[in-house]
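The block underneath contains the structure these notes are about, expressed in structure tokens.
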Number of protein chains: 2
Amino acid sequence: MRSRIEDVAEAAGVSMKTVSRVLNHEPNVREEMRQRVMRAVEKLQYRPNLSARSLAGQRSYVVALIYNNPSRNYLMEVQSGMLEACRASHYNLVLAPVGAQKQRKADDMKAVFENFSPDGVVLIPPLTDDEVVLEYLEAHDVPFACIAPKQAQDRIGVNMEETRAVQELMAGLIALGHRRIAHIKGPPAHGACQWRLKGYRDALRKAGIEYDPALVVAGEFSFESGIEAAKHLLDLKPRPTAIFAANDDMAAGVIRAACERGLSVPEDVSVCGFDDTPIARHIYPALTTVRQPTAEMGRLATLQLLDRIRNPEAGAMVHVEHTLLFRESTQPPTRR
Amino acid sequence: MRSRIEDVAEAAGVSMKTVSRVLNHEPNVREEMRQRVMRAVEKLQYRPNLSARSLAGQRSYVVALIYNNPSRNYLMEVQSGMLEACRASHYNLVLAPVGAQKQRKADDMKAVFENFSPDGVVLIPPLTDDEVVLEYLEAHDVPFACIAPKQAQDRIGVNMEETRAVQELMAGLIALGHRRIAHIKGPPAHGACQWRLKGYRDALRKAGIEYDPALVVAGEFSFESGIEAAKHLLDLKPRPTAIFAANDDMAAGVIRAACERGLSVPEDVSVCGFDDTPIARHIYPALTTVRQPTAEMGRLATLQLLDRIRNPEAGAMVHVEHTLLFRESTQPPTRR
DNA sequence: CTGTTAGCGCCTTCAA
DNA sequence: TTGAAGGCGCTAACAG
């Protein structure tokens, strides 16, 4: 049978409460007591019962990842980073997909809280700026951390300097000799859309290249939307010599559309993406892209959240670094 | 404040225990009582407190997915299917990655049970046939369900007729005119390796084609291992006219290796994979493959597990159907 | 078929 | 700095 806190107390010759204090790192315990307790814990292989602890302590030791239709890879990465942080603190991770429609979303949020009573929540785009979700969290005073929110003011979580990352990527393209560079945007609900577009425009301006709205088209972050957008761009005369898609899935779509038109990448058109998902390496030619440390972002966001759960004043918006990856899908434009 | 079972009992004018009976679908409750209770539950928006329920009932309402280094996509799909089944039964899903080394794996298993006390476990390859894991589960009498185990005897969970699926895929290749078909195997620890190899050999035999061991090489299910294997196969003289890789990631590796050698797919060599992961559609040319309903398998395995948790006699090994997908990466062999 | 009682294992409050 | 008692919300065992 599993040992209880009472057994530990007895073995250590102290009261239950003292054991509890030690286990929860509460103050007011003499070092000698602490050691005695720790020895007993070790000896009896004691582990607190999560249910009992939750019931008495009025918290669930659960952190929820609330999401809505993100890219599978992105989700997987964030999740694995969160998992790491959660395990270290003996928290449990609950995955909470919510619907897209307003009412459905509200119902799903409610269900998550009724079922699991998470002590805190991590939000990923596009939910980081979702009215329904934020209202619910604020109304119920639930601590939450955001990954790459559009609006970072007064938030805790993780951010990357996406605008700067795109500027650097674009600068690389321009250094190769490209002047006519197209861009496929992400969905406006993602902060990514605006940051990446801004980076694109900033880089053009800095290089003294005029911004041409005809070269910027909307995408939905999906492979299919990349194909559609590329079809349009590849028919332009003169054709752009490079296409920067706001994520890798769309960039993969661009490569496919180019192939279908008998164009080769990068000879006829250079392509680059963003994120460095596995497809970037697996596709031919391998994608030039920006690596975003997604798992690490999940881990850091969770750490900030756990800090805030313990102390409502704690937690901050932290930053992570990107990495530029120039691979096979880009080269200097060919003279025609 | 959240209402408790006591409040419901009072509102319905019955005892707590009667409410508990209704909520847990226990027998021995008059229909009239049941309705009265349900109305009160509705009115008070009552939801049971998970922690209290777990503590009193000695179960966690947690199901763990135990895995070790599977393909990201596979994991994601299984997980989303499990999530669906779990939510429907108000169970919680815990993700439990475990180490590869023997000791580490045992420690990780122990930690999962100490932290979350799952009521049951779902296993995916290659852990479905792992000695350490199975011993632990059996020793502790933990209900578990398996997805695609090598050894299905006396197990519950889900299986697909992989051998037949591969036979059909191969028959398609043979019908296109291929005779010299190579195969890249999966890692032996996966049942998939043996089933798929068997399908390959059976199909050859049925078509009266002699089995040539030189055409069968080992892979590790990774993109990189696909490249390595393909390099070897593409150097063979005469070159195989088609390559069947045991999963999509390796097939993508084959396509990359072919491209790097200046060979085109499917003109110079046809390629097919297995699983229908997203990359199969995103790569150029799109992969001929076999669709495995992975999410559905996760869902069904979980349902079997939940049945067994409720009743140690219940649960079975169920089967799912595959789908053949002939896409761009295969065509009749070119006369040279 | 329904109700009463006694915990499940821990934390909180308050007293020492 | 430490301990004792009560209760978190629910279910199990046993009566009625």
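Among the residues of the range A:73-116, those that are closer than 30 Å to residue A:282 by Cβ, at pLDDT 95 or above and charged (D, E, K, R) comprise A:77, A:84. In the list B:72, B:36, B:47, which residue meets the criterion of being among the basic types (Lys, Arg), more than 15 Å from DNA strand D (Cβ to nearest atom) and in contact (Cβ under 8 Å) with a residue 12 or more places away in the chain? That would be B:36, the only listed residue that is among the basic types (Lys, Arg), more than 15 Å from DNA strand D (Cβ to nearest atom) and in contact (Cβ under 8 Å) with a residue 12 or more places away in the chain. Within the range B:1-12, restricting attention to residues that are within 7 Å of DNA strand D (Cβ to nearest atom) and either surrounded by 16 or more Cβ atoms within 10 Å (Cβ to Cβ) or at pLDDT 90 or above (or both), the residue that is farthest from the other protein chains (Cβ to nearest Cβ) is B:6. Look at residue A:211 and say whether it is assigned to a loop (DSSP other than H, G, I, E, B) and without any contact (Cβ under 8 Å) to a residue 60 or more places away in the chain. Spelling it out, residue A:211 is indeed assigned to a loop (DSSP other than H, G, I, E, B) and without any contact (Cβ under 8 Å) to a residue 60 or more places away in the chain. Evaluate the following for residue A:99: is it touching a residue at least 24 places away in the same chain (Cβ under 8 Å), surrounded by fewer than 21 Cβ atoms within 10 Å (Cβ to Cβ) and assigned by TED's automatic domain parsing to the domain that holds residue A:204? For residue A:99, the condition - touching a residue at least 24 places away in the same chain (Cβ under 8 Å), surrounded by fewer than 21 Cβ atoms within 10 Å (Cβ to Cβ) and assigned by TED's automatic domain parsing to the domain that holds residue A:204 - is not met. Taking helices (runs of 4 or more DSSP H) as the structural unit, those lying wholly within the range B:1-88 and holding at least 2 residues that are near DNA strand C (Cβ under 8 Å from one of its atoms) correspond to B:16-23, B:31-44, B:50-57.
With the structure loaded, tell me whether residue A:55 is at the interface with chain B (Cβ under 8 Å from one of its Cβ atoms) and within 24 Å of the chain's Cα centre (by Cα) or whether it fails that test. No.
Considering only the range A:306-323, I want to know if a residue exists there that is within 14 Å of chain B (Cβ to nearest Cβ) and in contact (Cβ under 8 Å) with a residue 24 or more places away in the chain. So far as the range A:306-323 goes, no, none of its residues is within 14 Å of chain B (Cβ to nearest Cβ) and in contact (Cβ under 8 Å) with a residue 24 or more places away in the chain. Screening residue A:230 against (1) of a type in the set (A, V, I, L, M); (2) within 14 Å of chain B (Cβ to nearest Cβ); (3) surrounded by fewer than 22 Cβ atoms within 10 Å (Cβ to Cβ); (4) in contact with a Gly (Cβ under 9 Å, 6 or more places away or on another chain) leaves a single unmet condition, (3). Take residue A:15 and tell me if it is under 22 Å from residue A:92 (Cα atoms) and near DNA strand D (Cβ under 9 Å from one of its atoms). Spelling it out, it is not the case that residue A:15 is under 22 Å from residue A:92 (Cα atoms) and near DNA strand D (Cβ under 9 Å from one of its atoms).
The values are calculated or read from the model by the stated rules, or taken from the named source; none is laboratory data. What you see is a predicted model; the values in this text were computed from it and never measured. Please note: Cβ atoms are built from the backbone with ideal geometry, for glycine as well, and neighbour counts cover all protein chains shown.
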